[in-house]
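Report on one structure; see the data block that follows.
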Amino acid sequence: MVTSISKISAKESQKVEIRGWCHNLRSSGKIAFLQLRDGTGRIQGVAVRDQLSDETWESIQQLTIESSVVIRGIVRTDERAPSGFELSVEEVEPIQIAAEYPIGKKEHGPDFLLNYRHLWIRSERQSSILRVRDSIEFAMRDFMRREGFILTDSPIFTPNACEGTTDLFEVKYFDDKAYLSQSGQLYQEATSAALGKTYCFGPTFRSEKSKTRRHLTEFWMLEAEASFMNWQGNMDLQEQLVSFIAGRVLEERSYELKELGRDIATIERTAESNFPRIDYDEAVERLQKAGSDIKSGDDFGGDDETILTKEFDRPVFVHHYPSAIKAFYMEADPERPDRALCDDLLAPEGYGEIIGGSQRIYDQSLLEKRIAEHGLPSEAFNWYMDLRRYGSVPHAGFGIGLERTVAWICGLEHVRETIPFPRLMNRIQP
Ligand code: 4AD
Ligand code: MG
């Protein structure tokens, strides 16, 4: 008869045992209301003094916020309860009486809450976000699998940079040094030449000195790579992935989205796909019209992305950025050699970039030239150049940031709430 709260609706009028925590409680001399949670949901337990033994009533009086308990009682329908049910308490077994809980009902600042992140995740809101994250993460894997991509995880200790040398974390590696991976892409280029279509999904690390609502120093990224795919096919794939994610979250997590106060209209439109695609020049023009002081050739700042995405009711692709502001490996458009066959997918409602992708240079000598121009050490890229020496083909891929996707889908202010234990420039605790 041990039951999880999420399955309580099948147990009406039955006696059940719930194992969990008392997230809140109030008691008069005659009746006590225990707000219980067990990780799967929440339910109110009602304990009536007259119907209980002295011993049970005593146990209830000892309970404090976040005390762990085993409670037995009868499941009753209650229209006023959010879950539709409540529990008539019959027996209470405290497991541990919690010390005074540091997180109260009053407003706490973000630093305070982040210091108590190990406890803060117990709150209804934070648990809801983590459930949405779980759904998004599995939706991503399911989609890639359905599309025939093989999961080939990239290493985390790496000998060299992928996205540029400025934001690498250096670690001691026996008598040598290594870097924590900032992207698994180069390895996916190798595995996709072996298996056709591959992806990796793991943590990536960037020592970016950015204290913005979009930056973590450790974040999770899914990176896909496909042989013979061009930059347009790449956008098609990204669009299908993101609309699949939106559909899955609507299906599995409508309760959580409501709990988070999320207006789901944009997510519904995202699930329908039809993402607009504009090129860099049009994006710059739109930005200038909207009052930005951006000049052609500049990279977009977070504010520019925010302005741009407010003009669309679903995610928007911006393609053909100037090669000069993008990574060394991007293929140029043969008709506009200063422009890369690349795209960023910007999430609506001001969220901005969630995906970066491109077609890759597959010509050996051009790639060698770009590596030199970017001041990268050619010896470190010798293995990567082999991919151009032995059966090079046009190919493309992208990386989608999990936390930025979760932040947008949940409608959060900051990515720090999207990951169980965020790593930020000024925070590595707890
Ligand atoms: O645009 P980025 O840098 O692209 C790459 O790393 C490519 N190698 C991907 C590829 O083509 N295989 O990063 C991709 C995505 C961004 O769009 C963003 O969602 C996320 O990774 N991202 C971050 N998320 C949180 N914190 C950070 N500091 C991030 N940096 C990038
Ligand atoms: Mg990018």
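Values quoted throughout were computed directly from the atomic coordinates according to the rules given, and no laboratory measurement underlies them. Please read these numbers as outputs of a predicted model, since none were measured by experiment. Methodologically, a virtual Cβ is constructed for each residue, glycine included, from the backbone with ideal geometry; neighbour enumeration extends over all protein chains shown.
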Euclidean distance of C-alpha centroids, the stretch 88-126 and the stretch 211-254, integer Å: 33 Å
Out of residues 5 or more away from Leu25 or on other chains, whose amide H comes under 5 Å of its own, with H placed 1.01 Å from N in the peptide plane? Gln35
Per DSSP, the loop-located trypsin sites (Lys or Arg not before Pro) within the stretch 242-321 having at most 15 other beta carbons within 10 Å are Lys295, Lys310
Here the relative contact order (percent) of the chain, from C-alpha pairs under 8 Å and at least 6 apart, is 13 percent
From the residues Val132, Leu346, Ser154, which one has its Cα farthest along the dipole of the chain in the positive direction, the dipole being from +1 and -1 charges on Cβ of Lys/Arg and Asp/Glu about the Cα centre? Val132
Count the lysine pairs in the stretch 177-312 that are 8 or more places apart or on different chains: how many have C-alpha atoms under 25 angstrom apart? 7
Okay, helix-only estimate at 222 nm for the chain: each DSSP H run of n ≥ 4 adds -39500 (n - 2.57), divide by all residues, round to 500 deg cm²/dmol; what do you get? -9000 deg cm²/dmol
What lysines does Lys15 reach when the alpha-carbon gap must be under 23 Å and sequence neighbours fewer than 8 apart in one chain are set aside? Lys7, Lys30
For each of Glu413, Glu252, count neighbouring Cβ atoms within 10 Å of the residue's Cβ, then give the residues from fewest to most. Glu413, Glu252
Share, in percent, of DSSP beta bridges within the chain that are antiparallel, nearest 5: 90 percent
For Phe33, what is the net charge nearby, where nearby means another residue's Cβ is under 13 Å from its Cβ and Lys, Arg count +1, Asp, Glu -1? +3
Take every DSSP beta bridge whose two residues both sit in the stretch 68-202, then give the antiparallel share in percent to the nearest 5. 90 percent
With a 10 Å Cβ neighbour count serving as the proxy for reagent exposure, in which order, fewest first, do Asp279, Asp263 appear? Asp263, Asp279
At q = 0.13, 0.15 Å⁻¹, what log₁₀ I(q)/I(0) does a Debye calculation on the Cα points of the stretch 59-206 give, no solvent, two decimals? -0.90, -0.99
Tell me, Met229, Met235 in order of fewest to most beta-carbon neighbours within 10 Å? Met235, Met229
Considering every pair of different Cα atoms, what Kirkwood radius, in Å, is found for the chain? 24.3 Å
Can you spot the aspartates and glutamates whose alpha carbon is less than 12 Å from Lys326's alpha carbon? Ignore those fewer than 8 places along the same chain. Glu163, Asp298, Asp299, Asp338, Asp343, Asp344
From the phi of every residue in the stretch 387-392, what ³J(HN,Hα) in whole Hz does the Karplus formula 6.51 cos²θ - 1.76 cosθ + 1.60 yield, where θ is phi - 60° and glycine or proline is x? 5, 8, 7, 10, x, 5
Only loop residues by DSSP count here, and only those with at most 16 other Cβ atoms within 10 Å; note down the trypsin sites (Lys or Arg not before Pro) in the stretch 19-91 that meet that. Lys30, Arg80
